[in-house]
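Have a look at the structure below before the remarks.
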Amino acid sequence: MPYHQLTCSFGELLVAWSDDGQVVYLDFGLDKTRLGRYLGKDSYEQAPLPETLAVAFEAYENGCPEAFDTVSCRLDVTEFQRRVLTALRTIPFGQTASYGQLAQMIGSDKAARAVGGALNRNPIALIYPCHRIIGASGKMTGFASGIEHKEALLAHELGENI
């Protein structure tokens, strides 16, 4: 499976895609061990980023809210996770919601903790923007790649420098 490591103003990313060009993994850092945990023991090889993905990452880097709208992804997740991640994509660029609000969005008002668990296992960060979910108090909480990445992404989307 091809993968590519890239550096953006908001951090290092590792992205992998299927032979048909669908993103199957996107995360912060360059941890191929985590990639293997998500995708199994396939052989991975570094490859140039497909043009469509290169254009999308450049657009996001330049502050385009619609940068990933046309990027095709393959989510290998449970039905609950799919509901959470699908709703997550409706939260606008640069805006935030709480875990409880996201639970309400999927019709499971009392499932804030389960929503957090689903987000923790998000295999395609950034495109499925779990960095936009914060604690009910407004505090930056829970982000598998670290709070500093969450803060950097939100600052980037707001056009701020950290």
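A few points about this structure:
- Within the listed set Asp31, Asp109, Asp20, the Gaussian network model of the chain (springs between alpha-carbon atoms below 10 Å) gives the highest mean-square fluctuation for Asp20.
- Calculated translational diffusion coefficient of the range 46-162 (37 °C, 0.692 mPa s; Stokes-Einstein with Kirkwood radius over alpha-carbon pairs) equals 222 µm²/s.
- Accessible area of the chain belonging to carbon and sulfur atoms, whole % at 1.4 Å probe: 49
- Legend: helices of the chain (whole DSSP H runs) are marked when their alpha-carbon atoms reach 30 angstrom or more along the helix axis and their mean Kyte-Doolittle hydropathy is at least 1.6; nothing is marked.
- Treating r as the C-beta distance of Ala54 and Ala136 and R0 as 25 Å, the FRET efficiency rounds to 0.10.
- Helix-only CD estimate at 222 nm, as mean residue ellipticity for the chain, using -39500 (n - 2.57) per DSSP H run (n ≥ 4): -10000 deg cm²/dmol
- The charge dipole of the chain, taken about its Cα centre with unit charges on the Cβ of Lys, Arg, Asp and Glu (plus for the first two, minus for the last two), comes to roughly 840 debye.
- Relative contact order (percent, whole number), the range 78-148, Cα cutoff 8 Å, 6+ residue spacing: 34
- Percent breakdown of C-alpha pair distances by 10 Å bin, ordered from the shortest bin, for the range 83-134: 30, 63, 8
- Arg74 versus Glu45: modelled label distance in nm, points set 7 Å from Cα along the beta carbon direction: 1.7
- Average accessible surface for the chain: 51 Å² per residue, computed with a 1.4 Å probe over protein heavy atoms with every protein chain in place.
- Considering every alpha-carbon pair of the range 1-109, the percent of pairs per 10 Å bin, from zero through the bin containing the longest distance, is 12, 40, 37, 11, 0.
- Of all DSSP beta bridges confined to the chain, the antiparallel ones make up roughly 65%.
The values are calculated or read from the model by the stated rules, or taken from the named source; none is laboratory data. Predicted, not measured: the structure shown is a model, and the values here were computed from it. Heads up, the Cβs are rebuilt from the backbone with ideal geometry, glycines too, and the neighbour counts pull from every protein chain shown. Heavy atoms of the whole protein, side chains included, go into the accessibility calculation; ligands, DNA and RNA do not. Shrake-Rupley method; radii C 1.70, N 1.55, O 1.52, S 1.80 Å.
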